[in-house]
Amino acid sequence: MISNYGREAADSMESKLAEKLSALRVRAGLSQRDVAKRIGISTQSCSHYETGRRTPDIFILYRFSQLYQ
């Protein structure tokens with residue numbers, strides 16, 4: 001069972017990841033649709049990752065890293 005502190009830390013990390021994904025996309029001058037097409041996900045999934053509604057798995061994170069390197 002995750003303690004409240006552990007849950008808060010995880011929520012904070014997920015929020016920071018969402019903010020970073022959004023900032024990287026904007027800095028690259030791409031739309032969510034552009035990103036989704038380039039890494040092979042739906043536009044809705046891209047939106048969910050950027051708002052923190054979902055957390056990308058390691059394989060999707062790798063695709064993001066390749067796009068934004």
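Applied to segment 37-43, the Karplus parametrisation 6.51 cos²θ - 1.76 cosθ + 1.60 on θ = phi - 60° returns per-residue 3J(HN,Hα) values of 5, 5, 10, x, 10, 7, 4 Hz, with x for Gly and Pro. Phi angles across segment 49-58 convert, under the Karplus curve 6.51 cos²θ - 1.76 cosθ + 1.60 with θ = phi - 60°, into 3J(HN,Hα) values of 5, 6, 9, x, 6, 9, 10, x, 6, 4 Hz, Gly and Pro given as x.
Every read-out reported here was derived from the displayed coordinates using simple, explicitly stated rules and does not represent laboratory data. As the structure is a computational prediction, the values presented were derived from the model and not from experiment.
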